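Remarks on the structure that follows.
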C-alpha cells in the first residue's frame, strides 16, 4: 500500500520533471558509432556506409536493404540496429523503430551517452505511437544516463 | 429515194450493223461483270489487307509478353571471415552452373588457382541497385573465406553471387519465357539460325520466292505438304497470328501478312520478336518459349553462356520440339543438332576443325529434375501464398515480376538431406523442417516432404497436428508474466489430479512414463516435460492467460478453451508452430515469418520491399526467463542429446514434443542465428515410433551442426537478476547453501524472506526489490 502510494507520487513528479526538462538532442541527428561496436572495421561497414549515402539521397528503401544485409553479417552490432531504428522513424514506422532501438540497447556497450541517445530514440518512437507515458519513461532513462555521464 | 429509204436494207442503221449478236452481248455482260467482280475483289482485298495491316500493327505495337513472376533465392554474400567451406562453394557454383575456365573470362565461369578460386559473377538487379558482373578472387581458409580481392588484386569488402532462380509463378497452363534483347543474343546464334532457317533474311521483304519454289518442288515430289519454305518473317506471322496447320488458305494469308510486317517493322524488331516467341518445348502445363528460356530449360545457363553445339540444338528444336526433344530422343536430337552445325559450317560460320570439335560434344542437356527451377516446390508454395496477399494471380502470371526470396539454398539442402537420411529406414514416416533466422524472421529453408522434389502435400504448411509438449513453454510463459505469483524456482507438484470439465467429462493428465515425481521447480517441470506439473501450473496461471499467451506468440488458429491445450492437444501446422517459437527466440518480439524480401518489375526497378517488422508482444523480462528455462531443457532435460553433440560454445535452447500415441514427434529449438523446427508424423496418423527426443531432436542436431552458427545471447534482460533460492522457491538463499539453486528472477518476484544460510546477502536484495518495485 505504502509502496503503491510512493510509486504514484514518484511517477507524477518524474512526469512533471521530464515534461519541464529541456529536450535532448534530436534522435535523428548524426552521432558517432561507439568504437567497440562489432561493425567497426568489418566487411559490413561498407554496406553501412552505402546505406548512409542512400539515406542522404532519400533512397530509404535501398538504405534499408543495405542495413539488413549488414545485419546478417554483423548481427551483434548495436549501431546497425540504431541505424535501422532511425531509418524506420524516417519511414514513419515508429513501432518497428522502437523494437530496433531496443535491440540496439540490448547490444549497446556501456557508454552512457550512447545508451542515452538510444533511449531518446525510443522516447521519440513511443511518442509518435501516442504512448506518452512510455515516452516520458524513456526520456527519464536518457536523462539519468546523461547525468551519470556528466558526473564521470 | 424514199423507197430506197424504206427498204429494209436502207433501214438498217450503221449502229445496228455494228451491234453484236446475242452471244457477243453476253460476252460484254460477262466482261462487265468480270470487271465489276475484279473491282469488288480489289476492294475486298484492299479492305482485307487493311484489316490484316491493322491486326498486325495492333498486335505488334501493343504486344506485351506474358511473363510469369520469377522467384530467386537469397544472393550469397562473399566477404572475408564468412563461414563457408570449399565444399559449400563448390555446391553453390554447381547449382549456379558456373563453368570451369582457365581464366574466368566470361560471367558464369570460374578458375581455380593455388589455394583459391577466381569467380566471374554474373551480376543482377536488386532494390539496392544490385551487383555488377565482376571478377572476384577468394581463398577459403578452413571453414571461412579468407582474403577477397578483385581480378587485379585490389581488396573487395563485399561481393555477391547472383541469386539462383528457384521457380516461377504461373497458372496451370501458360507460356513462359525469359525475354532477351537482340543485343544480348550471341551473334553466332543469329547467324546459325539464318543459315538453317532463312539464308536470305536480310535480302527478302517477308517472303522468299526461291524458298517458296523450293518448297513447292519438294512438296510435289513428296505428294504432300512436306516443306513450308517459310522465311523467319513468315514463321513469326504463323506463330503470332495463325494456326500451325499447313494449308493453302493459311499460306495465302501468311504471305501478305509477312509482307506487311516487313513494311512496318525493321529486320531487327522482327528478329528479336522471333527469338522470344518461338516454341521450344513443353514442361507439363508450361510452354517453353523463346531462346532465353530455352537455354535455361535445356542447359541451365543464360543464353549468352551457351556454346555453338548448344545453339545448334536450340535451333534444331524449331523444326519439332517434341520430335527432337533431347531428353526423350537424344539420338534423333543429336542428328538434328549436327545437321544445324553442318548448315552453319556450309555458310562459313564454323571451320572444319571447329565443326568437328562441336560435333563430338555431348548434348550437355541438364536432366529435367536437376534444375533448381523445380527443386524447392514447397518453399515456392509459401512464396506463392505470401505473394498472393498483395498481387492478383493475373499479375503474377504475366507481369514478369522479379521476386527476391529469403531461401538460403545451402540451409535448404542441409535440411532436406538430414530429414531424408534419417527417415530412410522408416518408410511410413514423413516429416517437415523449417529453418528461420530469428532476428529477421526470414524463412531460410522449408521442407514439406522427405522427398523434397515432390510437389505434393506440403506438410510444413498444411499438416495440422497436435503439438504435444511444444505447447508447454506457452504455459510457463503465461505464469512468468505474473511475477507476483510465479517464477522459475516456484514449486509445482507433479502428481495425479483430475479436473471436471464444463461438459461433465473428467480430464486426468498423465505423464509419458506413467510416473509422478512430486514437487519440482517450474524450470525442472519444463526441462523434464512433466505433464502433471505443467498442467497444474497452467490451471494456476489461468486458462485464459495461457490462450492469450499462445495468441501473443503468434498462433492464429482457433485455440480450444480446454486445459488439455496445456499439454498440446492444440493442432497447428509446423509453420505456425515455428512462428510461435520465433517469438520466443527473439525475446518476445513477434516477427512475421517472411519468404520475400523484395519485388522488382521486369526491368529490375524496385516495386515493393518487405522489411523486417518485429513487434514487442511479450515483455522482455519474462521472455528472457523462458529462454533461460529452455536452455535448461537442453542442458539438463529432454534436449541433452543435442548439447552433447554440438560444440560446447554453441548455446542453444529448445523443447521436445510428442503427441498421444507417438503420432507426432516434434522438436523446436534455436541458437543465436537459426531457429529450426522438425516434425515427424505419418499421413495415416499412425504411431511413428518416435518421441521428440528420439527422432526430431536427432535431425535438428545434425542440421544445426551443419550450419554456420552463432550462440544465443545469455545476458539477462533489463529488470532480471540472478538470485539464489531455497529448494521451495519461497526464500532467498546463497551459493553453497543446502539445495540452493540460482535462477534469473524479475525483481517483483524476488522473495522478501530469506533462509538462515543466505540471510546476509538476501537483505539488500529485499530492499532493492522494494525500490525496484516502484518503477515496475
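A few notes on this one:
- The test for being in a loop (DSSP other than H, G, I, E, B) and crowded, with 17+ Cβ neighbours inside 10 Å does not hold for residue B:451.
- Matching entry among A:104, A:62, A:113, A:54 (being more than 9 Å from chain B (Cβ to nearest Cβ), within 30 Å of residue B:84 (Cα to Cα), in a helix (DSSP H, G or I) and in contact with a helix residue (DSSP H, G or I) (Cβ under 6 Å, 6 or more places away or on another chain)): A:104
- Single residue of the stretch B:69-88 satisfying the filter (buried (at least 19 other Cβ atoms within 10 Å of the Cβ) and in a strand (DSSP E or B)) that is nearest to the other protein chains (Cβ to nearest Cβ): B:79
- Qualifying residues in the stretch A:77-101 (those that are within 24 Å of residue A:132 (Cβ to Cβ) and in a loop (DSSP other than H, G, I, E, B)) - the one farthest from the other protein chains (Cβ to nearest Cβ): A:92
- The single residue among B:441, B:468, B:489 that is buried (at least 22 other Cβ atoms within 10 Å of the Cβ), within 14 Å of chain A (Cβ to nearest Cβ), touching a strand residue (DSSP E or B) at 6+ places or on another chain (Cβ under 9 Å) and farther than 25 Å from residue B:91 by Cβ turns out to be B:441.
To keep it simple, each residue is scored yes or no on (1) modelled with pLDDT of 95 or more; (2) closer than 30 Å to residue B:308 by Cβ; (3) assigned to a helix (DSSP H, G or I).
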position	(1), (2), (3)
B:339	no, yes, yes
B:357	yes, yes, yes
B:382	yes, no, yes
B:385	no, no, yes
B:421	yes, no, yes
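- Checked against the criterion of being surrounded by 18 or more Cβ atoms within 10 Å (Cβ to Cβ), within 14 Å of chain A (Cβ to nearest Cβ) and either more than 26 Å from residue B:510 (Cβ to Cβ) or within 29 Å of the chain's Cα centre (by Cα) (or both), the candidates B:592, B:614, B:574 yield just one match: B:614.
- Restricting attention to the stretch B:621-664, the residues that are assigned to a helix (DSSP H, G or I) and either more than 14 Å from chain A (Cβ to nearest Cβ) or surrounded by fewer than 19 Cβ atoms within 10 Å (Cβ to Cβ) (or both) total 20.
- Looking at the stretch B:665-773, the strands (runs of 3 or more DSSP E) lying wholly inside it that each contain 3 or more residues that are at pLDDT 90 or above and over 25 Å from residue B:493 (Cβ atoms) sit at B:675-682, B:720-725.
- Filtered by the rule that a residue be without any contact (Cβ under 8 Å) to a residue 12 or more places away in the chain and within 11 Å of residue B:372 (Cα to Cα), the stretch B:83-100 gives a lone residue, B:94.
- Meets criteria (within 27 Å of residue B:604 (Cβ to Cβ) and assigned to a helix (DSSP H, G or I)) for residue B:183: yes
- Residues of the stretch B:599-611 that are at the interface with another protein chain (Cβ under 7 Å from one of its Cβ atoms) and touching a residue at least 24 places away in the same chain (Cβ under 8 Å): B:606, B:609.
- Output for the stretch B:278-296, where each listed residue is touching a helix residue (DSSP H, G or I) at 6+ places or on another chain (Cβ under 8 Å) and either closer than 24 Å to residue B:104 by Cα or without any contact (Cβ under 8 Å) to a residue 60 or more places away in the chain (or both): B:278, B:279, B:280, B:281, B:292, B:294, B:295, B:296
- Each residue in the stretch B:524-544 was checked for being in a loop (DSSP other than H, G, I, E, B) and either touching a strand residue (DSSP E or B) at 6+ places or on another chain (Cβ under 9 Å) or surrounded by 24 or more Cβ atoms within 10 Å (Cβ to Cβ) (or both), and 3 pass.
- Search result, residues across the stretch B:141-173 that are more than 14 Å from chain A (Cβ to nearest Cβ), touching a residue at least 60 places away in the same chain (Cβ under 8 Å) and surrounded by fewer than 16 Cβ atoms within 10 Å (Cβ to Cβ): B:143, B:171, B:172, B:173
- Note on the stretch A:39-51: residues that are touching a helix residue (DSSP H, G or I) at 6+ places or on another chain (Cβ under 9 Å) and surrounded by fewer than 17 Cβ atoms within 10 Å (Cβ to Cβ) amount to 3.
- Scanning the stretch B:708-723 for residues that are more than 24 Å from residue B:751 (Cβ to Cβ) and within 10 Å of another protein chain (Cβ to nearest Cβ) yields B:710, B:713.
- The stretch B:378-414: number of residues that are closer than 18 Å to residue B:593 by Cα and either touching a residue at least 40 places away in the same chain (Cβ under 8 Å) or touching a helix residue (DSSP H, G or I) at 6+ places or on another chain (Cβ under 8 Å) (or both): 21
The values are calculated or read from the model by the stated rules, or taken from the named source; none is laboratory data. Only a predicted model underlies this, so the values are computations on that prediction, with no experimental measurement involved. Note that we place each Cβ from the backbone using ideal geometry, even for glycine, and neighbour counts take in every protein chain shown.
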